[in-house]
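The values are calculated or read from the model by the stated rules, or taken from the named source; none is laboratory data. In this text, all values refer to a predicted model and were calculated from it rather than measured experimentally. All Cβ positions, even for glycine, are placed from backbone atoms using ideal geometry, and neighbour counts span all protein chains on display.
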């Protein structure tokens, strides 16, 4: 017998969807992803990006904040309590042309589903430096909205890397908290929209570092990040910029490769919702929730809300069949 609903993913969208689906007696199956070196490097381990975040201060219901891993483990436990079953493997392929939908996982097992919810998230793009990996969550972040207000960054010198709309948004947000902000970009102009670029560069706290790349993240085990070493691509000159934080704002890569073009995606690979107020996709019976279908907000609370919507959309779709 095919599953009534399979949920692919393991972040706030997936577990919220599972909670709602389980309470609706849909007996959901969550394929949460494999624990592998490849997923670790790509930032795709089970429990999502929040599992690698130390403090979460903007999720409602936690006035003193909550550790990211604690929040995610509790979401998972809550879904299992209501009857969710979990497989800790990757989905390697899907066939959305047949009903029920056909899936295969990394253990070689085949699965069938009447409805499918894709909540695989989007992985933040990093610079790929060994020193950067060393100081993730100890001064290196890829989400200013998530982390910018933390005590370690307030009234400190900060660095943002990037030149597109993401960098402009992150930079503008950080100017609310930073003492000063260095904007490192490999070109001499920003790719961001003119109005966003102007807003950032007109801010007196912002100092652009043009034609440059971050070559190394500096710090120590006790203090965490203490600065960055940048290299000017024109002159070859290197210099150290003391800072308490490095915010990498070079975009996100949605985890949609396994779909092999079977769903409508935008030019950046995010799933396009057929109705922006719902979680429907270009294939009937397939729903999407969280960052994999959200290039705009990328927050835990919005992902959780979309997970709820996906469960309700799937339940109602099944009832109509």
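Identify all residues within region 255-276 that are in contact with a helix residue (DSSP H, G or I) (Cβ under 9 Å, 6 or more places away or on another chain) and either assigned to a loop (DSSP other than H, G, I, E, B) or assigned by TED's automatic domain parsing to the domain that holds residue 219 (or both); write none if there are none.
Hits for region 255-276 are 255, 256, 269, 270, 272, 273.
Which is without any contact (Cβ under 8 Å) to a residue 60 or more places away in the chain, surrounded by 14 or more Cβ atoms within 10 Å (Cβ to Cβ) and in the same structural domain as residue 291 (by TED's automatic domain parsing), of 74, 51?
Values: 74 fails: surrounded by 14 or more Cβ atoms within 10 Å (Cβ to Cβ).
Matching residue, one of 74, 51: 51.
If you scan region 242-254, which residues turn out to be buried (at least 18 other Cβ atoms within 10 Å of the Cβ) and in a strand (DSSP E or B)?
Correct list: 245, 246, 247, 248, 252, 254.
Yes/no matrix, rows are residues, columns are (1) assigned to a loop (DSSP other than H, G, I, E, B); (2) modelled with pLDDT of 85 or more; (3) farther than 16 Å from residue 120 by Cβ:
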site: 38; (1), (2), (3): no, no, no
site: 47; (1), (2), (3): yes, yes, no
site: 59; (1), (2), (3): yes, yes, yes
site: 71; (1), (2), (3): no, yes, yes
site: 74; (1), (2), (3): no, yes, yes
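Could you please give the count of residues in region 262-292 that are surrounded by 23 or more Cβ atoms within 10 Å (Cβ to Cβ) and either without any contact (Cβ under 8 Å) to a residue 24 or more places away in the chain or over 25 Å from residue 249 (Cβ atoms) (or both)?
4
Identify all residues within region 225-238 that are surrounded by 13 or more Cβ atoms within 10 Å (Cβ to Cβ) and over 14 Å from residue 157 (Cβ atoms); write none if there are none.
Result: 229, 231, 232, 233.
Would you point out the residue of region 106-125, among those that are assigned to a strand (DSSP E or B) and under 22 Å from the mean Cα position of the chain (by Cα), that is farthest from residue 320 (Cα to Cα)?
Selected residue: 124.
Residue 145 - would you say it is assigned by TED's automatic domain parsing to the domain that holds residue 222 and not in a loop (DSSP other than H, G, I, E, B)? Walk me through how you get there before you give the answer.
Values: assigned by TED's automatic domain parsing to the domain that holds residue 222: yes; not in a loop (DSSP other than H, G, I, E, B): yes.
Taking the combined requirement at face value, the residue satisfies it.
Restricting to region 198-220, give me the number of residues that are in a helix (DSSP H, G or I) and either over 26 Å from the mean Cα position of the chain (by Cα) or crowded, with 21+ Cβ neighbours inside 10 Å (or both). Quick ask: steps written out before the conclusion?
Just the residues of region 198-220 that are in a helix (DSSP H, G or I), to begin with: 198-201.
After this cut, where a residue has to be either over 26 Å from the mean Cα position of the chain (by Cα) or crowded, with 21+ Cβ neighbours inside 10 Å (or both) as well, the list is 198, 200-201.
Qualifying residue count, region 198-220: 3.
Please identify the pairs in which a residue from region 113-133 that is farther than 21 Å from residue 160 by Cβ has its Cβ atom under 6 Å from the Cβ atom of a residue that is surrounded by 19 or more Cβ atoms within 10 Å (Cβ to Cβ) and modelled with pLDDT under 90, counting only partners at least 6 apart or on another chain.
Going by the 6 Å Cβ cut-off, the qualifying pairs are 121/48.
Quick check, is residue 94 closer than 25 Å to residue 283 by Cα, surrounded by 19 or more Cβ atoms within 10 Å (Cβ to Cβ) and assigned by TED's automatic domain parsing to the domain that holds residue 279?
It is true that residue 94 is closer than 25 Å to residue 283 by Cα, surrounded by 19 or more Cβ atoms within 10 Å (Cβ to Cβ) and assigned by TED's automatic domain parsing to the domain that holds residue 279.
Taking the options 171, 128, 163, name whichever one is under 24 Å from the mean Cα position of the chain (by Cα) and in a helix (DSSP H, G or I).
On the way: 128 fails: in a helix (DSSP H, G or I); 163 fails: in a helix (DSSP H, G or I).
Checking each option against the conditions leaves just 171.
Considering only region 15-34, I want to know if a residue exists there that is over 18 Å from residue 311 (Cβ atoms) and surrounded by fewer than 24 Cβ atoms within 10 Å (Cβ to Cβ).
Checked against the condition, which is being over 18 Å from residue 311 (Cβ atoms) and surrounded by fewer than 24 Cβ atoms within 10 Å (Cβ to Cβ), region 15-34 yields at least one hit.
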